[in-house]
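Quick one: the structure is below, and I'll ask about it shortly.
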Amino acid sequence: MAGFEQLMLGTPRLLLRPLADGDAAALMAIFSDPAVTRYWSAPPWTHLDAAHAMIERDRRAVADGDYLRLALERHEDRALIGTCTLFALNPQSRRAELGYVLSSREWGRGFMHEALLALLDHGFGALALNRVEADIDPRNQASARSLQRLGFAQEGYLRERWIVGDEVSDTALYGLLRRDWLARRPGPAPSTPAS
């Protein structure tokens, strides 16, 4: 799979772009917030080294096309306010998993919905995905509503799937098919690469 290091997606309020070295402090602010990581698969960060490690992992993975994580940079002030990711890319089945995180200061303003519309258009278009899946903590009702608003359907429930620190949590599995995405999306269908 081709690399994603030059990929940039635009929305009315955001630029979605690969992470850069200068993003470490903003990432630390997001991932060290217990409210943000409440339903995450890892505890809050406690050291800036975690941000640098994420950026370095992304640099290699994005160049190799292993996964696609994009920073959400707000146009008005160029602040990094979150990330969205397509990972576990399976070219044979044309499937990927979706991940996302947003600064708690930006919750309820529609930024993540805007970013995920662009990312899913890219996934179902340029990446020719047939299916995108999401795994969330079922207690995270805001995330469930976000996925449902995008057209995802809950397809499964796995008991005690995650243990983060001392907390055991379940998983709600969601899925979205390309045909369902195209039926819901206004405007022209995302283009797919020529075979």
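Would you say ARG109 is closer than 22 Å to SER32 by Cβ, among the basic types (Lys, Arg), surrounded by fewer than 19 Cβ atoms within 10 Å (Cβ to Cβ) and touching a helix residue (DSSP H, G or I) at 6+ places or on another chain (Cβ under 9 Å)?
Considered against the rule, which asks whether it is closer than 22 Å to SER32 by Cβ, among the basic types (Lys, Arg), surrounded by fewer than 19 Cβ atoms within 10 Å (Cβ to Cβ) and touching a helix residue (DSSP H, G or I) at 6+ places or on another chain (Cβ under 9 Å), ARG109 comes out as no.
Continuing with the same structure: Looking at ALA71, ALA25 in this structure, which one is in contact with a Ser or Thr (Cβ under 6 Å, 6 or more places away or on another chain), among the small types (Gly, Ala, Ser) and at pLDDT 95 or above?
ALA71
Only one residue in GLY22, GLY65 is among the small types (Gly, Ala, Ser) and on the phi < 0 side of the Ramachandran plot, so which one is that?
GLY22
Would you mention how many residues in segment 146-174 are under 25 Å from GLY110 (Cβ atoms), part of a loop (DSSP other than H, G, I, E, B) and either among the acidic types (Asp, Glu) or within 15 Å of the chain's Cα centre (by Cα) (or both)?
Of the residues in segment 146-174, 1 are under 25 Å from GLY110 (Cβ atoms), part of a loop (DSSP other than H, G, I, E, B) and either among the acidic types (Asp, Glu) or within 15 Å of the chain's Cα centre (by Cα) (or both).
When you look at ALA25, is it touching a residue at least 24 places away in the same chain (Cβ under 8 Å), crowded, with 19+ Cβ neighbours inside 10 Å and not in a loop (DSSP other than H, G, I, E, B), yes or no?
It is false that ALA25 is touching a residue at least 24 places away in the same chain (Cβ under 8 Å), crowded, with 19+ Cβ neighbours inside 10 Å and not in a loop (DSSP other than H, G, I, E, B).
Let me ask something else about it. Only residues in segment 78-104 that are more than 15 Å from GLU114 (Cα to Cα) and in contact (Cβ under 8 Å) with a residue 12 or more places away in the chain count as the first member; pair them with residues that are assigned to a strand (DSSP E or B) and among the aromatic types (Phe, Trp, Tyr), Cβ under 8 angstrom, at least 6 apart or cross-chain, and list the lot.
Once the first residue is more than 15 Å from GLU114 (Cα to Cα) and in contact (Cβ under 8 Å) with a residue 12 or more places away in the chain and sits in segment 78-104, its partners that are assigned to a strand (DSSP E or B) and among the aromatic types (Phe, Trp, Tyr) give ALA96/PHE87; GLU97/PHE87.
Here is a follow-up. Residue check, PRO34 against (1) more than 15 Å from the chain's Cα centre (by Cα); (2) in a strand (DSSP E or B), all met but one. Which one?
(2)
Could you look through segment 2-22, keep only residues that are more than 16 Å from SER103 (Cβ to Cβ) and of a type in the set (D, E, K, R), and pick out the one that is surrounded by the most Cβ atoms within 10 Å (Cβ to Cβ)?
ARG17
Taking the residues in segment 63-98 that are assigned to a loop (DSSP other than H, G, I, E, B) and among the small types (Gly, Ala, Ser) as candidates, determine which candidate is nearest to PHE152 (Cα to Cα).
SER93
The values are calculated or read from the model by the stated rules, or taken from the named source; none is laboratory data. Fair warning: this is a prediction, and the values are worked out from it, not measured in the lab. Methodologically, a virtual Cβ is constructed for each residue, glycine included, from the backbone with ideal geometry; neighbour enumeration extends over all protein chains shown.
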